[in-house]
1. Those residues that are among the acidic types (D, E), over 16 Å from the mean Cα position of the chain (by Cα) and within 14 Å of I131 (Cα to Cα), I need them from region 153-183; list them, please.
2. Do we have any residue at all in region 16-29 that's among the acidic types (D, E) and more than 16 Å from R180 (Cβ to Cβ)?
3. Name the pairs: first residue in region 65-93 and over 27 Å from L170 (Cα atoms) and β-branched (V, I, T), second residue assigned to a strand (DSSP E or B) and open to solvent by less than 100 Å² (accessible area, probe 1.4 Å), Cβ to Cβ under 6 Å, at least 6 apart or on different chains?
4. Looking only at region 158-178, decide whether some residue is over 21 Å from G87 (Cβ atoms), without any contact (Cβ under 8 Å) to a residue 12 or more places away in the chain and among the charged types (D, E, K, R).
5. Please work out which one of (1) charged (D, E, K, R); (2) open to solvent by 50 Å² or more (accessible area, probe 1.4 Å); (3) within 30 Å of V223 (Cα to Cα) is the condition E58 fails and give its number.
6. With closer than 29 Å to F83 by Cβ and of a type in the set (A, V, I, L, M, F, W, C) as the only criterion, which of L137, L121 stands out?
7. Of these, E71, E78, which one is at pLDDT 95 or above and either of a type in the set (S, T, N, Q) or open to solvent by 50 Å² or more (accessible area, probe 1.4 Å) (or both)?
8. Give region 99-133 a look and list any residue that's within 21 Å of M190 (Cβ to Cβ), within 10 Å of the chain's Cα centre (by Cα) and surrounded by fewer than 21 Cβ atoms within 10 Å (Cβ to Cβ), or say none.
Amino acid sequence: QFLVPKNNIIVFKELPKNTLGKEGYRLQVTEDSIEIEANEKNGFFYAIQTLLQLLTPEIYLSTTAIERSWEVPAVFIEDTPRFAYRGMHLDVSRHFYPVSFVKKYIDLLAMQKMNYFHWHLTDDQGWRIEIKKYPRLTEIGSIRKETGIGASRTEFDGKPYGGFYTQEDLKEIVDYAAKRHITIIPEVSMPGHASAAIASYPWLGTSGKQIKVPGKFGVHYEVFNV
């Protein structure tokens, strides 16, 4: 009752528990105001994503749009998710992406109201997680000598390729995702897709032999001795 002015405002209202579930919301736009109703933070967050999508694409620019009239169409939307799990996958083992790209990827997931990020962090071609007790995983396992190129992958580019995320990087990304209501599912494949780890510590494998981090994509027969 203390909101001033009466017009051109966005009002957030918390609904009674279980009205629309954890992720549902109502969004009503009139000539005077925008009203958003939800049970929990998730619902309010998704309502804001819808509100942004009702505006012109310039709303997503990183620079300020000067002298622009922002208009939202008059609508009433009640939205709850059909699927509890809505996710995307990113493979950073075969192709490493920096923290800035991963955050951008998370932003795009949030914009599409996705709530899970399946993060493929290890494979034959590279180990990407800092484990302080086992430093060779990143000292050796995060770098391959070269990468297969061409349709057949039988030729190689002759360029070392690698990278990994520090524990600080990982914590930062997990926190960044959580603020956008996204749960990260870290993937460490086993018993196969383990060549990078076995190259770091041969005793992890079934043969005990020293191998290299492979640059060739495809099937590799070194596996964890689970």
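The values are calculated or read from the model by the stated rules, or taken from the named source; none is laboratory data. Just so it is clear, the structure is predicted and the values come from calculations on it, not from any experiment. Cβ placement follows ideal geometry from the backbone for every residue including glycine, while neighbour counts extend to all protein chains displayed. Calculation scope for accessible area: heavy atoms of the full protein, side chains included, ligands and nucleic acids excluded. Shrake-Rupley method; radii C 1.70, N 1.55, O 1.52, S 1.80 Å.
1. Residues of region 153-183 that are among the acidic types (D, E), as a first pass: 155, 157, 168-169, 172, 175.
Next cut, over 16 Å from the mean Cα position of the chain (by Cα) only: 155, 157, 168.
E168, the sole residue that qualifies.
2. No - not one qualifying residue is present in region 16-29.
3. Going by the 6 Å Cβ cut-off, the qualifying pairs are V72/V29; V75/V29; I77/L27.
4. yes
5. Result: E58 fails condition (3) only.
6. L121 is the lone residue from the list that is closer than 29 Å to F83 by Cβ and of a type in the set (A, V, I, L, M, F, W, C).
7. Testing whether each residue is at pLDDT 95 or above and either of a type in the set (S, T, N, Q) or open to solvent by 50 Å² or more (accessible area, probe 1.4 Å) (or both) leaves just E78.
8. Correct list: Y116, H118.
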